[in-house]
C-alpha cells in the first residue's frame, strides 16, 4: 500500500494530567490541533500505526540501554503512570510487521533491539489517547534512547528514517507514522519549566521545509541547550527521514509553562 498518514506531536504528560493549568487560549489551540490530527488519521484509516517514541525508564535502565528498540508484542498495555488521567488500556500490536521492519533494518546497516514485552508510558499513551481514543488501531512502537549517553546522533536517526521509509511504503498494509516528543523542555532538572521558543521555531522551520541537511546537523549539545528532555526530537528527525525530505505543515505551537514544554505539532498533508 503506502504511508497514508504522517505527523509529529509533543507528548507532555500535563496535556492529560493537568490540562487546565495551561491558559484557556493555549489549551484551545492545542485541542484544535489534536482534533485536526485525529480527523486526518481517521480519514486515512491506517491498518497499523508506527509510533516513533521514547520512554522514561519504564522499560529500560542502565543495565540494558540500546539505541533503538522495536516492539514486537501481540499487544501493549499502558499507561504505566496511574496519575496520567488516561484509563489503562490494551493496545493491539502487529508482531509480523514489526519483524519485517526489524529484518529490513538488519539488512541495511541498523541493528535495533526488540522486545515482545513493552509497557507504554505517557510518551506513547498521550498521543494515542488523542489520535485513537478507542485504542483499537494496531501499533508498532519504535523506541529511542534519549536518556543515557551515548545516544544515537541526529544524523543517524535521519538515516534510520531513510531505511524505514521504503519498508513502510512497500508494505501491503496502509501505514500511519507518528513521531512523539519534545519540543524544548527540561523536566525535573535545574531549569524545570524552561522553554526555548527560539530553538523550537528554528526546529519547526527545518521540519516544515523537510531540510534533512539542517536536521542532520543537530547535535546533543544543541538539544541539551534547549533542555534535558529535548533529545526526544530524535524521533521527529527519524520521521523526516521516513518522509524523504517532504515538507510538512505546522499545526500549532504553544510554549506552555505549567506543562514545562514547548508544545508543537506538524502534519504531512500529502503523506505517501
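What follows draws every value from the coordinates through simple rules; no lab data is involved. Source: prediction; values computed, not measured. No Cβ is skipped: glycine too gets one built from the backbone with ideal geometry, and neighbour counts run over all protein chains shown.
Quick one: Kirkwood hydrodynamic radius for the range 197-272, alpha-carbon pairs, angstrom, one decimal?
It is 12.8 Å.
Once you sort the root eigenvalues of the Cα gyration tensor of the range 85-221 as a ≥ b ≥ c, which label holds: rounded (a/c under 1.5), prolate (a/b larger than b/c) or oblate (the other case)?
Because a/c hits 1.5 or more and a/b fails to exceed b/c, the range 85-221 counts as oblate.
How would you order 28-37, 237-246 from highest to lowest mean count of nearby Cβ atoms within 10 Å?
Top to bottom by mean Cβ count within 10 Å: 237-246, 28-37.
Distance between Cα centroids, the range 26-42 to the range 212-237: provide it in whole Å.
25
Mind running the shape call on the range 1-132? Use the C-alpha gyration tensor, a ≥ b ≥ c as the square roots of the eigenvalues: rounded below 1.5 for a/c, prolate if a/b tops b/c, oblate otherwise.
Taking the square roots of the gyration eigenvalues as a ≥ b ≥ c, the range 1-132 is oblate.
What does the C-alpha gyration tensor say about the overall shape of the range 149-192? Classify as rounded when a/c is under 1.5, otherwise prolate if a/b is larger than b/c, or oblate.
Oblate is the answer for the range 149-192, as a/c is 1.5 or above yet b/c matches or exceeds a/b.
Would you mind checking the radius of gyration and Dmax of the range 123-177 based on alpha-carbon positions, in Å?
13.9, 37
May I ask you to list the residues of the range 100-116 whose amide nitrogen lies under 12 Å from a point 7 Å from Cα along the Cα→beta-carbon direction of residue 169?
none
Return a whole-number percent for the relative contact order of the chain, with Cα pairs under 8 Å and 6 or more residues apart as the contact set.
31
Would you order 220, 134 from fewest to most other beta-carbon atoms within 10 Å of each residue's own beta-carbon?
Sorted ascending by nearby Cβ count, the order is 134, 220.
Can you order the peptides 225-236, 135-146, 78-89 by their average number of other Cβ atoms within 10 Å per residue, highest first?
225-236, 135-146, 78-89
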